[in-house]
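Before any comments, here is the structure.
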Amino acid sequence: MELALFSTVSQRDSTYNQHQIFSNATDQVRLAEQLGFGTAWFPEHHFTNYSICPNATMLAGYVAGRTSKIKVGPAVVVVPLHHPIRVLEELALVDQLSDGRLAIGLGGGYQEFEFFKFGRDMSKNRVYFSEFLDIFDQYMRTGGIELDGELAQIPKTLFTLKLKQKAPAVYVASGTGEEIVQKRMIAGNYAAIVSMVGNTTAIMAERHRQIELAYRKAGGAEAVMPFALNQYLYVTRDPAEARRAAESVIYVMRVHSAMKGKNVQLDGSLMKDVPFEGEPTVDEILSRLSIGDPEVVAERLNQQINLMSPKQMSFIMGLPGLSSKDILRSMESFGNYVIPKLKGLKIEEPRFAQAGE
C-alpha cells in the first residue's frame, strides 16, 4: 500500500490570492514527497471554488518540475469535457517531462453544472466515458487510435509523442461497480478509486464489497482487488482546531453537492455556503473521518486497511480556510506520529521536514 496526497486547490475566500493557493498546494506536495508519499493527485473542475484547477494534467506537469520522486497526475481527467487526442497528448507530455512519474486518473464526470456550461449531455457521460476507455486501450496497445462515436470522430491517428512508461498506474473513478467496466479495468490492470466524502467506514466497506462483487464476476483473479480510497484527513491534538477542520470539510461538501445540478447559488463567482439536505454535523464528521489526534487517526485508518486492503490511500489534507502553516504542521504530525502506526505501508524512509522548508 502506498500513500497519496490529493490537492483539491479549493478557494473559500474570494479575496485570497489564487497564485498563493497554487503555491501552498505545491509546498504540500513537496512535504508529502519528503514524508515518503508515492503519488500526488490533482482534480479537474470548472467554474467553481470547490477547485480552481481546470486542467489537472497541466498542474501535475508544473508540480513535477518542483519535485523529484513523487508521481503526479490528474484525479481525474473528466474525459467527456475534452477531445480525446488532447487528453492523450497532454498525458504523454507530462510523463516525458517528469521522466516517467505520471499517474493517471480517469472519470466520466458527475457534476451537471460543468456539463451544462460545456454544452455536454450529462445523461451520456457513461457513453462518452466508455468510448474513451476504448480509445485509451487502443492507445496503450498500439500507439494509435480510431473512433466513430459520440465523444468524437477520429480517423486512424498515430502519435509521435509517446508515454515514457510502458504501463503507468491507472485509476478509474466511474462505473467501477459495473461488470462491463471491471472487465476493461482487469484487462488494463487499472484500479478503482473511490472517495469517502463524509461517509462512515462501514458505508465505504460496503461500497468496496459491491465493487469487488463486480470485479469477481468480471473475472478478477487477484487475491486483493486493486482499490484506492480517498478521504479527508487532518491531524491535531487541539480540539478547537479539529472542529475547524471538520467545518472546512462540511463547507467543501456543500459546494460539492451544489454542483450536481445545472443551477447553483453564486456570490459573485464563488458558490454560496448553503447547507444541503442530510448534511452531517461537525460532531458527526469528527466521529466518522480521520480528523483529530494521531491515535484516533491511526486507529481509523488501520480499520479501513483491515476492511478494504487498499493498494493506495489518498488524503485531502489542504482544507480550505485553514492556514498553510497549520496544514503543513498537520502533515508533519501525520508523518511523525501516524505513519509509523499504519499497517502494510511500503514507503521510502521519510525525511521529516519543518513547516515551510
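Readers should treat all values here as calculations from the given coordinates under stated rules, not as data from a laboratory. Computed from a predicted model, the values in this text were never measured in an experiment. When we count neighbours, we look across all protein chains shown, and the Cβ atoms used for this are built from the backbone with ideal geometry, even at glycine.
Taking the longest Cα principal axis of the chain as reference, the axis of helix 239-258 is set at about 30 degrees.
Given the -39500 (n - 2.57) contribution per DSSP H run of 4+ residues, what per-residue ellipticity at 222 nm results for the chain, rounded to the nearest 500 deg cm²/dmol?
On the way: 11 runs with 144 residues, N = 357.
Taking each H run of at least 4 residues, the total per residue is -13000 deg cm²/dmol.
Helix 18-34 and the longest principal axis of the C-alpha atoms of the chain enclose an angle of approximately 90°. Straight-distance candidates among the aspartates and glutamates for linking to Lys183, with alpha-carbon spacing under 17 Å and chain neighbours fewer than 8 residues away dropped: Glu131, Asp134, Asp137, Glu212, Glu222. Annotation: peptides 243-249, 275-281, 75-81, 140-146, ranked by per-residue average of other Cβ atoms within 10 Å with the highest first, follow the order 75-81, 243-249, 140-146, 275-281.
Over all pairs of distinct alpha carbons, what does the Kirkwood formula give as the hydrodynamic radius of segment 153-267, in Å? 17.5 Å is the Kirkwood radius here.
Residue order for Asp95, Asp134, Asp267, fewest other beta carbons within 10 angstrom first, comes to Asp267, Asp134, Asp95.
Comparing Cα centroids, segment 297-337 and segment 93-159 end up 31 angstrom apart. Percent of Cα pairs in segment 2-341 per distance bin of 20 Å, from zero to the largest separation: 31, 62, 8. Roughly speaking, what is the centre-to-centre gap between segment 19-85 and segment 187-215 when only Cα atoms are used, to the nearest Å? What the calculation gives is 23 Å, centre to centre. Put in line by how crowded their Cβ is, counting other Cβ atoms within 10 Å and starting with the fewest, Glu332, Glu89 read Glu89, Glu332. The lysines within cross-link reach of Lys69, meaning a Cα-to-Cα straight distance under 28 Å and a gap of 8 or more places when in the same chain, are Lys162, Lys164, Lys166, Lys311, Lys325, Lys341, Lys343, Lys346.
Taking amide H atoms as placed 1.01 Å from N in the peptide plane, the amide H of Ile316 lies under 5 Å from those of Phe6, Gln231, Tyr232, Leu233, each 5 or more residues away in sequence or on another chain. Less than 5 angstrom separates the built amide H of Leu147 from those of Ile154, all sequence-distant by 5 or more or on a different chain. Close amide H partners of Gly105, meaning residues 5 or more places away or on another chain with modelled amide H under 5 Å apart, are Val77, Tyr171. Backbone geometry of segment 139-152 corresponds, through the Karplus equation with coefficients 6.51, -1.76 and 1.60 at θ = phi - 60°, to 3J(HN,Hα) couplings of 4, 5, 7, 10, x, x, 9, 7, 8, 10, x, 7, 5, 6 Hz, x marking Gly and Pro. As a length-normalised measure over Cα pairs under 8 Å and 6 or more apart, the relative contact order of the chain settles at 21 percent.
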